[in-house]
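Please treat every number below as a calculation from the coordinates, not as lab data. Quick caveat, the model's predicted, so the values are computed rather than measured. Because the Cβ atoms are built from the backbone with ideal geometry, glycine has one as well, and the counts that use them run over all protein chains shown.
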């Protein structure tokens, strides 16, 4: 049965990669946001470039859920790798996501918003589909840590790893999207491609090189994932 899949990206370069694999597209405006609606395989895709950061992500996914009532929500795009077992172009599937920059007092765990889980769990079925894709790149399920910060050096990375030693990647949107989906009871998954390794030599050049030379091949896996869903 065909599904309606909501897909959120933060940046225009990510948006264009996903839009390129969609067919029969049309643009639908809702409030301040423009959604690209089309198909991948037998599924309807509702694609939004929500913008960078937690507030943009939460605003975008709320509008998407209220306007289009998707069966599932996918947060996709790039992330920084924070584990020695990962390399550029590897894909981290958010089995769990958390905030690395939230503190609500001593009665809450680090990263926990009061009254909500410390970790948000990705949908088990979607995680299973993602981790069983046949691809040339390394796909691993694990923890993605979210904060309003582009992590650039080892000091910042080490602070996050001290709180969450099992963390594999950092981004700026996944946990906010997961929190909204948790509240609305919509299945979700974060599917993130490693574009850079914080603290690496010539880190920003590494990030730019990903978009120049590796992005097309990496986002082909995103197409395969959406097709399998």
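Sorting 139-149, 107-117 by their mean Cβ neighbour count within 10 Å, with the most densely packed peptide first, gives 139-149, 107-117.
If r is the Cβ-Cβ distance from residue 27 to residue 55 and R0 is 22 Å, what FRET efficiency results, to the nearest 0.05? Between residue 27 and residue 55 the formula returns 0.45. Debye-formula intensities of the chain, expressed as log10 I(q)/I(0) at q = 0.08, 0.11, 0.15, 0.18 Å⁻¹, are -0.26, -0.49, -0.94, -1.38 (one equal scatterer per alpha-carbon, no solvent). Among beta bridges identified by DSSP and lying wholly in the chain, the antiparallel ones come to about 40 percent. Each residue of the range 38-105 gets 155 Å³ once the volume of the Cα convex hull is shared out per residue. When the chain is modelled as a GNM with alpha-carbon springs shorter than 10 Å, which of 183, 157, 133 fluctuates the most? Comparing 183, 157, 133 in the GNM, the peak value goes to 183. Using a Gaussian network model of the chain in which every pair of alpha carbons under 10 angstrom is joined by a spring, one finds that among 193, 52, 28 the greatest mean-square fluctuation is at 28.
Once the C-beta distance of residue 16 and residue 108 is scaled by a Förster radius of 30 Å, the resulting FRET efficiency is 0.20 to the nearest 0.05.
Sort 82, 65 so that the residue with the fewest other Cβ atoms within 10 Å of its own Cβ comes first and the one with the most comes last. Walk me through the numbers before you get to the answer.
Values: 82 27, 65 19.
Listing 82, 65 from fewest to most nearby Cβ atoms yields 65, 82.
Averaging 1/r across all pairs of distinct Cα atoms in the range 110-167 and inverting the result yields a Kirkwood radius of 13.8 Å. For the chain, modelled as a GNM whose springs connect Cα atoms under 10 angstrom apart, the maximal fluctuation among 12, 75, 195 occurs at 12.
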